[in-house]
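Single-structure report; data block below.
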Amino acid sequence: MLDARIPSGAINERWDNHRTSISLVSPANKRHFTIIVVGTGLAGASAAATLAELGYRVKAYTFHDSARRAHSIAAQGGINAAKNYPNDGDSIHRLFYDTVKGGDYRSRESNVYRLAQLSVEIIDQCTAQGVPFAREYGGLLANRSFGGAQVSRTFYARGQTGQQLLLGAYQAMMRQVDRGTVELHTQTEMLDVVVKDGRAVGIVTRDLVSGEIASHAGHAVLLATGGYSNVFYLSTNAMKSNVTAVWRAHRRGALFANPCYTQIHPTCIPASDEFQSKLTLMSESLRNDGRIWVPVRAGEARPPDDIGEPDRDYYLERRYPAFGNLVPRDVASRAAKVEVDRGKGVGPLANGVYLDFKEALGRLGQDTVRERYGNLFDMYHRITGENPYETPMRIYPAMHYTMGGLWVDYNLMTTIPGLYALGEANFSDHGANRLGASALMQGLADGYFVVPYTLGDYLAPQLGEALIPSDDPAFVETERQVADQTERYLSVGGSRSVDWFHRELGKVLWEHCGMERSAEGLRRAISDIDSLKEEFDRDVRVPGTSSTLNQSLEKAGRVDDFLQLSRLMCVDALHREESCGGHFRVEHQTDDGEARRDDANFSYVAAWGWADGQEPALHEEQLSFEYVKPTQRSYK
């Protein structure tokens, strides 16, 4: 049984009690420790900046040419915090409750409560950094509502919240780079974790420009490398987002938790053809003022302006009157799929639903709508050629976020001592479905406030221990394995490109492990993935060499990892005989098509161990709910 190291006491006291009981490293001793941070998005940049400010020596690694290119920059709608500025009934407990309920009672209560507590500090931290949050007329920070909540708790900077928050964390980190306390390595990809005597002692990287493979030693390794939605090929993630860092850690012994918990975002621009390689997110904040509808009749060919109110079905408002268009993402996504599957899809490919701002424009005026969503409207106009001020947007669900990730305890440490996972790279806070505007909250909470405290508990007993030298056999052997794998990709000399394999994998996953899953479909997916992996090993074509910039080589490793991960996702989805959050098994639903959980048999975190070619080993962390009683989730 996995030990999450959850502190004792009342839930509102656990984090404070834990901070006063764990070991600390004194300010004078912090400079004797070297910390490796992989990934420089919100979680990584905030962790690197904070740890360096505390006095640690930090080495930060990103495969981008600048930390500002991290995918965190693409987040649009906002960041949650229980400040209760609108005085509409919010509280730390309500944010905690909404998050546990939104995750369909498959998250760890203690971690979620801590996240709600820290949310109020994040806003103060970011405001002090100069993040330009929207403000009310009188100067107070503004809030708007988001899916899965009946209060307005989301702070925002138009539709650029992720960008502004990342710039704040980036500037804090670059200040430390200038001071010499952070050593920043750009265009450098981590390809393995080095483990010696059961502890993480460093990483092996490849310079993406020169091809040089090198070792880097650290007293602890922090992975803040994001999620794995690109396993589906078409997703809202940046094209370079991948699973390699956490998957290579998994192969070294870190358990991978809840891999089948993937989130479909309901508000994306529908695909326009089968050769598209990227989907574009339209912020969930648009659902505040936009009304979602489809024609009442299937096969409706009239343009939206010619379809009168009696012929429109505002299906979310009809099915979920208490929350309307602001139901959680999993609920909204499945509802859209139902309508499109009934033949009511709109647009040239009949693969979308309408998000209509006509009522909001009449009520608020175009200037107010432009102030709230102007950059999003402009982006939609550029991509589709349609003006959302004049005609409804077309939206459809797309792969967006992953709740699964490396298993971590309350300190954010994985099952490998000294190896931590932060932000979307871990599984810990969102259960089976993430509420909107909570990703930015978790990434910054982990980086600014959690790991700077909990890391000391691991490091304190190591005071006086030197770094493991890079010529140690553990480093030498790991480097050799990385180099051998790199050359294997180049030596296959097959006939199919890496992108072909990635696209085919995405089709299999979307069909059988996407918005709906079934036992029959998942078994077929596992078989198809096994066949695709065998074909990849013997027929992939990777041109060029390893001693220069080679994007095909980069992709080969990432797609190979995706192939292995996708099988585990399907195994996890097949074993979980229930529906919960984003995991919807067609065999387990209520009479009106909602998810039906099985709390008696599946109220646990499924953490899988790597078995090197054998079937993965399941480890369970039982979930207990002392403060939020699991009930049938309803937003009606």
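Computed values, structure above
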read-out	value
Lone unmet requirement of (1) out of contact with any Phe, Trp or Tyr (no Cβ under 6 Å at 6 or more places or on another chain); (2) open to solvent by less than 10 Å² (accessible area, probe 1.4 Å) for MET399	(1)
Number of the exception - GLY343 against (1) open to solvent by less than 10 Å² (accessible area, probe 1.4 Å); (2) part of a helix (DSSP H, G or I)	(1)
Candidates ALA28, ALA48, filtered to the one that is assigned to a helix (DSSP H, G or I), free of Cβ contacts under 8 Å to residues at least 60 places away in the same chain and small (Gly, Ala, Ser)	ALA28
Some residue of region 573-583 being among the acidic types (Asp, Glu) and outside any helix (DSSP H, G or I)	yes
Conditions (1) touching a Phe, Trp or Tyr at 6+ places or on another chain (Cβ under 8 Å); (2) modelled with pLDDT of 95 or more; (3) basic (Lys, Arg); number of the one not met by ARG334	(2)
Conditions (1) over 30 Å from SER46 (Cβ atoms); (2) modelled with pLDDT of 95 or more: number failed by LEU459	(1)
Hits in region 34-57 - residues which are surrounded by fewer than 24 Cβ atoms within 10 Å (Cβ to Cβ) and touching a Leu at 6+ places or on another chain (Cβ under 8 Å)	THR34
The listed residue being more than 30 Å from GLU594 (Cα to Cα) and open to solvent by less than 10 Å² (accessible area, probe 1.4 Å), out of ALA474, ALA556	ALA556
Breaking point among (1) at pLDDT 95 or above; (2) in a helix (DSSP H, G or I), for VAL294	(2)
Residue in region 344-362 that is touching a helix residue (DSSP H, G or I) at 6+ places or on another chain (Cβ under 7 Å) and under 27 Å from SER72 (Cβ atoms) present	yes
Residue check, ALA573 crowded, with 22+ Cβ neighbours inside 10 Å and either in contact with a helix residue (DSSP H, G or I) (Cβ under 7 Å, 6 or more places away or on another chain) or not hydroxyl-bearing (Ser, Thr, Tyr) (or both)	yes
Qualifying residue in region 596-603 (condition: in contact with a helix residue (DSSP H, G or I) (Cβ under 7 Å, 6 or more places away or on another chain), part of a loop (DSSP other than H, G, I, E, B) and of a type outside the set (S, T, N, Q))	no
Helices (runs of 4 or more DSSP H) wholly inside region 383-502 containing at least 2 residues that are among the hydroxyl-bearing types (Ser, Thr, Tyr), farther than 30 Å from ASP305 by Cα and touching a residue at least 12 places away in the same chain (Cβ under 8 Å)	451-459, 473-491
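Quick grid of which residues meet (1) more than 30 Å from ALA322 (Cβ to Cβ); (2) touching an Asp or Glu at 6+ places or on another chain (Cβ under 6 Å); (3) assigned to a loop (DSSP other than H, G, I, E, B); (4) not polar (S, T, N, Q):
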{"site": "ILE529", "(1), (2), (3), (4)": "yes, no, no, yes"}
{"site": "LEU549", "(1), (2), (3), (4)": "yes, no, yes, yes"}
{"site": "LYS555", "(1), (2), (3), (4)": "yes, no, no, yes"}
{"site": "SER566", "(1), (2), (3), (4)": "yes, no, no, no"}
{"site": "GLN614", "(1), (2), (3), (4)": "yes, no, yes, no"}
{"site": "GLU620", "(1), (2), (3), (4)": "yes, no, no, yes"}
{"site": "LYS636", "(1), (2), (3), (4)": "no, no, yes, yes"}
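The values are calculated or read from the model by the stated rules, or taken from the named source; none is laboratory data. Note that this is a predicted model, so its numbers are computed, not measured. Because the Cβ atoms are built from the backbone with ideal geometry, glycine has one as well, and the counts that use them run over all protein chains shown. In case anyone asks, the SASA skips ligands and DNA or RNA and just uses the protein heavy atoms, side chains included. Shrake-Rupley method; radii C 1.70, N 1.55, O 1.52, S 1.80 Å.
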